[in-house]
Amino acid sequence: MPPKPLILAFDTSAAHCAAALLSGDKIIATRFEPMSRGQAERLMPLLEEVLAETNLTWRDLEAIAVGIGPGNFTGIRISVAAARGLALSLGVPAIGVSTLEAQAIDTERPIWSLIDARRDHVYAQYLRTGGEDEAPSLMSAHEVASLTGARVGPDAVTDPAPAIARIAATRLARAGQAPIPRPAPLYIRTADAAPPRDPAPMILP
């Protein structure tokens, strides 16, 4: 049997389809495929490929981890809906992780975590050394220019899935102290007026 925890993490919050498999404290498989659309069709086959690569099955998993954004509305809903469905069918917890937190996993706090939100804006969150982090927000380029202190992003293009898996493992280890809430999309910017060409799956309450 593989060492625990065995966590499958994935993310489609940006122009990519990404997955990582964590066994114990080691990432044993990753996939990162840039794509501007088609994540809904690609996600499940990609996850199957990651499991097959390591000769593991869905029933070996102890938890599902998912990137909850911020980012592309449709992409976030695809992943979160998939994570909830998989967790329900497998009888394991689903753990949501912000990509703002994930990209700053190996940086020293306090630090500003920034993700490109396009239209001269970024998603921003101040991650503290101790205590609660500030709530994520949408900032203009002018506001970002006035920030002080260390920062990570917004230009780095990285695979978020391994960090999502590692953060989820930490939260899973603390699950006895507090229940793990179901993942929910982290929306900061309001949706565009025009609906997406391919509607995302509905997320039930």
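Some points to look at:
- Any hit, region 156-164, residues being under 28 Å from Ile28 (Cα atoms), free of Cβ contacts under 8 Å to residues at least 24 places away in the same chain and assigned to a loop (DSSP other than H, G, I, E, B): yes
Residue by residue, here is whether (1) free of Cβ contacts under 8 Å to residues at least 12 places away in the same chain; (2) more than 18 Å from Ile167 (Cβ to Cβ); (3) part of a helix (DSSP H, G or I) holds:
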{"residue": "Ala65", "(1), (2), (3)": "no, no, no"}
{"residue": "Arg77", "(1), (2), (3)": "no, yes, yes"}
{"residue": "Ala117", "(1), (2), (3)": "no, yes, no"}
{"residue": "Tyr123", "(1), (2), (3)": "no, no, no"}
{"residue": "Thr129", "(1), (2), (3)": "no, no, no"}
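- Some residue of region 47-65 being of a type outside the set (A, V, I, L, M, F, W, C), closer than 22 Å to Pro154 by Cα and open to solvent by 30 Å² or more (accessible area, probe 1.4 Å): no
- Filtering region 111-132 to residues that are touching a helix residue (DSSP H, G or I) at 6+ places or on another chain (Cβ under 8 Å) and open to solvent by 40 Å² or more (accessible area, probe 1.4 Å) leaves Asp120, His121.
- Leu46 falls short on exactly one of the conditions (1) modelled with pLDDT of 95 or more; (2) out of contact with any Cys (no Cβ under 9 Å at 6 or more places or on another chain); (3) not basic (Lys, Arg), and that condition is (2).
- Scope region 58-91; condition in contact with a helix residue (DSSP H, G or I) (Cβ under 8 Å, 6 or more places away or on another chain) and of a type in the set (A, V, I, L, M); matching residues: Leu61, Ala63, Ile64, Ala65, Val66, Ile68, Ile78, Ala82, Leu86, Leu90
- Residue within region 30-42 that is surrounded by 14 or more Cβ atoms within 10 Å (Cβ to Cβ), of a type outside the set (Lys, Arg), assigned to a helix (DSSP H, G or I) and at pLDDT 95 or above present: yes
- Selected residue (criterion: surrounded by the fewest Cβ atoms within 10 Å (Cβ to Cβ)) from residues of region 152-188 that are modelled with pLDDT under 90 and within 17 Å of the chain's Cα centre (by Cα): Ala156
- Cross-chain or 6+ apart pairs with Cβ under 7 Å, region 24-35 first and touching a residue at least 12 places away in the same chain (Cβ under 8 Å) and of a type in the set (Phe, Trp, Tyr), then part of a loop (DSSP other than H, G, I, E, B) and surrounded by 14 or more Cβ atoms within 10 Å (Cβ to Cβ): Phe32/Asp159
- Residue in region 123-140 that is modelled with pLDDT under 90 and closer than 19 Å to Ala15 by Cα present: no
- Flag for Ser98 being open to solvent by 10 Å² or more (accessible area, probe 1.4 Å), at pLDDT 95 or above and at negative phi: yes
The values are calculated or read from the model by the stated rules, or taken from the named source; none is laboratory data. Since this is a predicted model, take the numbers as computed values, not measurements. All Cβ positions, even for glycine, are placed from backbone atoms using ideal geometry, and neighbour counts span all protein chains on display. To get the accessible areas, we keep the full protein, side chains included, count just its heavy atoms, and leave off ligands, DNA and RNA. Shrake-Rupley method; radii C 1.70, N 1.55, O 1.52, S 1.80 Å.
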